[in-house]
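Sharing a structure with you now.
The numbers here are math on the coordinates, done by the rules we state, and not lab data. Since this is a predicted model, take the numbers as computed values, not measurements. FYI the Cβ positions are ideal-geometry reconstructions off the backbone, even for glycines, and counts take in every protein chain you see.
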Amino acid sequence: MRFLFLGTGSGSSRDSRRFKAGIHVDDGYNSVFLDMGPGANLRVEDYHVKADHVFFTHLHIDHFDGVFDYMVSRKVQGMKDLTVHSPPGFQRVLSSFREIGNQVDANVEESDLPRAKVGEMEIYSVKACHAIYAVSYVVTDGEKKVVYTGDTSEPCEDVIREIHDADLVIHEASCVDNCKQFGHTSAKEIISMTNDIKAKVILTHIPTHLEKEIYEVIGNKLLIARDGTVFEL
């Protein structure tokens, strides 16, 4: 599987060095998006990738707001409607956009724990520990297992359980020291967890104004993704 990071910034990021959350996953036959925050939709065009399915971890703006512009782009190009897998609430947001005159549409599948099979990739979710209802996704092709946490505060029991036997963990690192009050995991907390994680760990959801400090904490212990980073498993 190939993971292309479209957006690696946190909700508090202040410039365009890192657009908001988004990952493109491709197994060589089929592909999906994991989240699509503001700007991640532009990376879709920059990197010439596509997918007919997007999976949202939660409905904070920095994780899904880019999808509406992407829907417009698909419509202009004559592509079929996107299939959106989301915790409950996305359909209401989409309907509100349509009500004020936006001609966008999608096949929306909402569930407390979204899951689907796209080709040979199975994508399922577990409950995360965030400030609002959120899930983390597990992606497997039958051989390798990847956990994408989205936004979560660690330790989060269901997420830790999935990380235990994963081959790759894509984890948020939204601050340097302590951001539990916002439902996030800090860089220092991630470092303290790594002794118990056998998987390769890649960090994302990095606030640009704290980037230097986070790099200093992480050092060369873990990989910190940037927009455009590609990892193949």
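For the range 190-233, report the translational diffusion coefficient in µm²/s to the nearest whole number, using Stokes-Einstein at 4 °C, 1.567 mPa s, and a Kirkwood Rh over Cα pairs. Write out the running numbers ahead of the final one.
On the way: Rh = 11.5 Å.
Rounded, D is 112 µm²/s.
Next question, about the same structure. Which pairs, out of Lys50/Lys145; Lys50/Lys80; Lys198/Lys221; Lys144/Lys200, put more than 19 Å between their alpha-carbon atoms?
Check vs 19 Å cut-off fails for Lys50/Lys145.
While we're looking at this one, here's another question. Kindly put Thr57, Thr194 in sequence by how many other C-beta atoms sit within 10 Å of each C-beta, fewest to most. Don't jump to the answer; show the numbers that get you there.
Values: Thr57 26, Thr194 15.
Sorted ascending by nearby Cβ count, the order is Thr194, Thr57.
Scan the chain and report its longest stretch carrying no chymotrypsin sites (Phe, Trp or Tyr not before Pro) that are both in a DSSP loop and have at most 15 other Cβ atoms within 10 Å.
Values: sites that count: Tyr29, Tyr47, Tyr133.
That gives 134-233 as the longest site-free run.
Only loop residues by DSSP count here, and only those with at most 12 other Cβ atoms within 10 Å; note down the GluC sites (Glu not before Pro) in the range 124-207 that meet that.
Working: sites: Glu143, Glu157, Glu162, Glu172, Glu189; in loops: Glu143.
Answer in residue order: Glu143.
Select from Arg18, Arg74, Arg115 the residue whose mean-square fluctuation is largest in a Gaussian network model of the chain (Cα-Cα springs shorter than 10 Å).
Most flexible of the set in this elastic network: Arg74.
Only Cα pairs under 8 Å and at least 6 apart count here; give the relative contact order of the chain as a rounded whole percent. Walk me through the numbers before you get to the answer.
Numbers: 560 pairs, mean separation 45.0, N = 233.
RCO, the chain: 19 percent.
If you don't mind, there's one more thing I want to ask. Excluding residues fewer than 8 places away in the same chain, name every one of the aspartates and glutamates whose C-alpha is closer than 19 Å to that of Lys212.
Of all the aspartates and glutamates, those that pass the test against Lys212 - Cα under 19 Å, at least 8 places apart if same chain - are Asp15, Glu172, Asp177, Glu189, Asp227.
Here's a follow-up. Net charge within 10 Å of Val118 by Cβ-Cβ distance, Lys/Arg positive one each and Asp/Glu negative one each, not counting Val118 itself?
That works out to -3.
Sticking with this one: Can you give the alpha-carbon Rg of the range 44-93 over 2.2 N^0.38 Å, where N counts its residues?
Numbers: Rg = 11.2 Å, N = 50, 2.2 N^0.38 = 9.7 Å.
Against the empirical 2.2 N^0.38 Å value, I get 1.15 for the range 44-93.
Separate question: If the elastic network links every pair of Cα atoms under 10 Å, which of Asp35, Asp65, Asp165 fluctuates the most in the Gaussian network model of the chain?
Asp165
Here's something else I'd like to know. Expressed as a whole percent, how much of the Cα-Cα distance distribution for the chain exceeds 24 Å?
Above the 24 Å cut-off, the chain has 39 percent of its Cα pairs.
Right, next: If you count the DSSP beta bridges with both ends in the chain, what percent of them are antiparallel, to the nearest 5?
Bridges in the chain that DSSP calls antiparallel: roughly 55 percent.
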